[in-house]
Amino acid sequence: MTNTLEYSPPQSRSGSRRAMLPAQLGPLIGLLLVTGFFAALRHKTFASASNLQVMLTQTAVVGAAALGMTLIIISGGIDLSVGSCIALTCVVVAKLLEIGAAPIVAVALGMAAGCLAGMLIGVIVTQIRLAPFIVTLGTWGAFRSLAKGFADESTITPDPTWINDLLTRPGEGHRWMLVPPGVWVVIILAVVMMAVLRYTRFGRHVFAIGSNEQTARLCGVGVGRTKIMVYAIGGLFAGVAGVLQYSYLGQGDPTTAAGYELDIIAAVVIGGASLSGGQGTILGTLVGAMLMTVVANGCSKLGMRNWVQEGVTGVIIILAAAIDRMRPSSR
Amino acid sequence: MTDSPTIPPRLRMQDIRKRFGATAALDGVDIEVASGEVLALVGENGAGKSTLMKVLSGAHAADQGSMALDGEPYAPRSPLDARRRGVAMIYQELSLAPHLSVMENILLGMEPTRGPIIDWKRMREKAAAGLAAAGRPDIPLNLPAGRLSIAEQQLVEVARAVAIGSRVLVLDEPTSSLARTDVEHLFALIRRLRAEGLAIVYVSHFLEEVQAVSERFTVLRDGKTVGGGMTAGVPAAQIISMMVGRDVEDLYPRSRREPGEVVLEVNHLAGLNEPQSVSLALRRGEVFGIAGLMGAGRTELLRAIFGLDPVRSGSVRVASYTGPASPARRWNQGVGMVSEDRKAEGLALSMSIAENLALSHLPAIPSPARLDTAAEPWLGRLNVRLRSPRQPVGDLSGGNQQKVAIARLLHHDAQVLLLDEPTRGIDVGSKAEIYRVIDELACSGKAVLLVSSYLPELLGVCDRIAVMCRGTLGPARRVCETDEHRIMAEAIGSAPLPQLHSI
């Protein structure tokens, strides 16, 4: 007989609740340790204010998309096509600028394209009842091909606008911003998402669906509608990431962001989300995304070769998942 | 009926019929429950209880027949629709979202909000009221539901049913995984809810419970209502004979048999926590029972013998073999085990019956036709009710699933059978068939080690019984030299709370 069948006295419960605290802090402690490690070894190059800015900028694209991915993974889903979706919006923005649209229109329509792409995934997942893994394996290729078709298989380079400055250091007179405006956008969106997940009925229903979809349906949660919303928001954030990617590249490249989906999913998982749903935090995701940037940046500052960096990142992903297994499960 | 004839009953189901293909799952069922009444619904697995409950809860639509709630026609289109009309179900498999808090689970789908924002204050108040109605205001509202014990999770479901204002509450085998003290709490709660005017349908295999908690009972057999009446004063044997349609005098067959040589010898075996230094000797042609409370370490003992759990000290000898243990080695030595948790551990539910049967020694290239032919004699011998051996085993009723799990050991020709709670949560008919097979196996010289929490079963089936208490195993006694009181006394030891699953 397992012990779960027995009455557990209240003392042991509060004990286990205390044990949850380090679990949420886990990725953050990891980030601090890794940062401290590199800072100790390369305090001049790594620990400088300018390098910190560089790292934040490097995290912005993956971080923005990972916010949406957190929502998708909490609901028990996955989106493998997020990299393709970033490329698609990046190209849409460039194309619109090239034909003379106002930058704000290009940004809005680019994000709308991402949102529509996500909504399409949500509709297929809920209406045709296919596994999100399969649906997004399909859209992974489809969105990429759409981006290539849109850009006529070449790179679009429109004239620079303010969009190109989203990820550059704030100029004279804007020093008070400390970090580029694109980074602020990601931070503000993260705060909004935290509030949505914690305080809105929609947010709690996303957790409920990921935790036990049948129960959610039985209790009258609009499972289909909620899931479509989840993927649409995921697409919207991929759109934000696409705009930032365009800003970073200064051009619409249909082959950009290939393989980003894995970095984005890894950020969410390092942040403590469970791929089987019901678990995950926005803060954890941001820390996960930052951790990967810090490792890559720190390794290069130490003069390590690229393959070493990739290996270290791989080890960290597995380590994070292993630590996650050790913490008290709510199952 | 206690009500005057002018007041319609809370729930009436009349002449309900439902066919699946060629088989009639429900073939004219009538039940009635009044407000403030507990109706026990009994019947073997496959008698139609779960189909009837699915019709009631809106998961299936009946082909024929009518239902009425408080005199108004009731035809739910979905489980959600049924809940809105006030019919709540609590299934054996609890349906909570384990990651969400207790409070969120109680109010899932009906969260109080201001615009899109959840009103946590009102949520807290409503959830606390629900828990108070379920008799457990001390359960912390913020705790993730997955951290509660099974008994507490069940109460959270009751709190949910109360919070949505249910009129009819259906409890499907609610005690199958509860300790005895929790069962008593549950019964007290049922009486309180009844006093508040709920109509309660109580589905159970345990006739002792039916007698303890219900006013009336209805018996289903082969999709029909075959009997019923007031529970008080009706002997269990009479209900059983209605359920199976024949008299069950020898529910527990035990042929005369001579024990042979020792095939399994356990010497001072100790696991990481439990067992603590257990010794026993199991002979051919013998059924050896292990009694005890939940958490006494009986399952852990079987797992340690079978090589599933690490062993700290001690030894296990199977025939002449004394080396290290692993489940694969044990199977090769002719030892087979049936897990207490057939859904999580015992069976691969989505695989076919034939594949499950052959899983312990699947050929490198299994041909479905050969698997079917190999499986059929065993399925026949255990009387498994199935459409085809290629059907997923998860489609079968609990009793038939358990028979497949046992048939695997027969198919493997296991000489030593470790059976952990083989009859838990299954119907009387399937139980009788499993007892018959255990007897046949022992007569043909196999050795059976049987862990059970159900004392009549142990006393009826075993040759010798030993009692486990807090990780240690007491002396083995011949079944004629012991009785329920003695076993209970040994099982409780000096523990303050008796927690026997069922006596």
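Side notes on the structure shown:
- For the condition within 14 Å of another protein chain (Cβ to nearest Cβ) and among the hydroxyl-bearing types (S, T, Y), A:S274 qualifies.
- Put simply, of A:P27, A:P10, A:P22 the only residue that is modelled with pLDDT under 80 and away from every other protein chain (no Cβ under 14 Å) is A:P22.
- Residue, nearest to the other protein chains (Cβ to nearest Cβ), within the range B:271-289, restricted to residues that are in a loop (DSSP other than H, G, I, E, B) and not charged (D, E, K, R): B:N273
- Test: A:A190 is assigned to a loop (DSSP other than H, G, I, E, B), more than 30 Å from B:A163 (Cα to Cα) and not aromatic (F, W, Y): no
- The set of residues in the range A:134-160 being surrounded by fewer than 20 Cβ atoms within 10 Å (Cβ to Cβ), assigned to a loop (DSSP other than H, G, I, E, B) and of a type in the set (G, A, S) consists of A:S154 alone.
- Test for B:G229: is it among the small types (G, A, S) and over 28 Å from B:A25 (Cα atoms): no
- B:G229 meets each of the listed conditions (1) surrounded by fewer than 20 Cβ atoms within 10 Å (Cβ to Cβ); (2) modelled with pLDDT of 90 or more; (3) of a type outside the set (A, V, I, L, M); (4) not in a loop (DSSP other than H, G, I, E, B) apart from (2).
- Close contacts from the range B:70-98, counting a first residue that is in contact (Cβ under 8 Å) with a residue 12 or more places away in the chain and facing chain A (nearest Cβ under 9 Å) and a second that is among the β-branched types (V, I, T) and assigned to a strand (DSSP E or B), with Cβ to Cβ under 8 Å and a gap of 6+ residues or different chains, come to B:M89/B:V170.
- Criterion: within 13 Å of chain A (Cβ to nearest Cβ) and part of a helix (DSSP H, G or I) - qualifying residue of B:A188, B:A151, B:A129: B:A151
- The residues of the range A:220-258 that are in a loop (DSSP other than H, G, I, E, B), of a type outside the set (G, A, S) and either surrounded by fewer than 24 Cβ atoms within 10 Å (Cβ to Cβ) or within 14 Å of another protein chain (Cβ to nearest Cβ) (or both), listed by number, are A:V221, A:Q251, A:D253, A:T255, A:T256.
- Selection status of A:V179, part of a loop (DSSP other than H, G, I, E, B), surrounded by 15 or more Cβ atoms within 10 Å (Cβ to Cβ), of a type in the set (A, V, I, L, M) and within 14 Å of chain B (Cβ to nearest Cβ): no
- Selection of the range A:198-218 for residues being closer than 14 Å to B:I106 by Cβ and more than 7 Å from chain B (Cβ to nearest Cβ) yields an empty set.
- Filtered residues of the range B:99-126 (kept if facing another protein chain (nearest Cβ under 8 Å), in contact with a strand residue (DSSP E or B) (Cβ under 8 Å, 6 or more places away or on another chain) and assigned to a loop (DSSP other than H, G, I, E, B)): B:H99, B:L100, B:E111, B:P116
- Test result for B:P456, in contact with a Phe, Trp or Tyr (Cβ under 9 Å, 6 or more places away or on another chain) and surrounded by fewer than 19 Cβ atoms within 10 Å (Cβ to Cβ): yes
- Residue count for the range B:290-335 under the criterion of being part of a strand (DSSP E or B) and closer than 14 Å to B:H268 by Cα: the result is 7.
- Top-ranked residue in the range B:132-148 [being within 11 Å of chain A (Cβ to nearest Cβ) and of a type in the set (G, A, S); ranked as nearest to the chain's Cα centre (by Cα)]: B:G146
- Test: B:I200 is part of a strand (DSSP E or B) and aliphatic (A, V, I, L, M): yes
- The number of residues in the range A:181-207 that are touching a His at 6+ places or on another chain (Cβ under 9 Å) and of a type in the set (F, W, Y) comes to 1.
- Taking the criterion of being within 13 Å of A:S84 (Cβ to Cβ) and more than 19 Å from the chain's Cα centre (by Cα), the residues of the range A:243-259 that qualify are A:D253, A:P254, A:T255.
- Candidates B:A62, B:A47, B:A40, B:A82, filtered to the one that is at pLDDT 90 or above, among the small types (G, A, S) and farther than 23 Å from B:E157 by Cβ: B:A62
- Failed item in (1) surrounded by fewer than 21 Cβ atoms within 10 Å (Cβ to Cβ); (2) touching a helix residue (DSSP H, G or I) at 6+ places or on another chain (Cβ under 8 Å), with A:T285 passing the rest: (1)
The values are calculated or read from the model by the stated rules, or taken from the named source; none is laboratory data. Computed from a prediction, not measured in an experiment: that's the story for all the values here. Every residue, glycine as well, gets a Cβ built from its backbone with ideal geometry; the counts of neighbours run over all protein chains shown.
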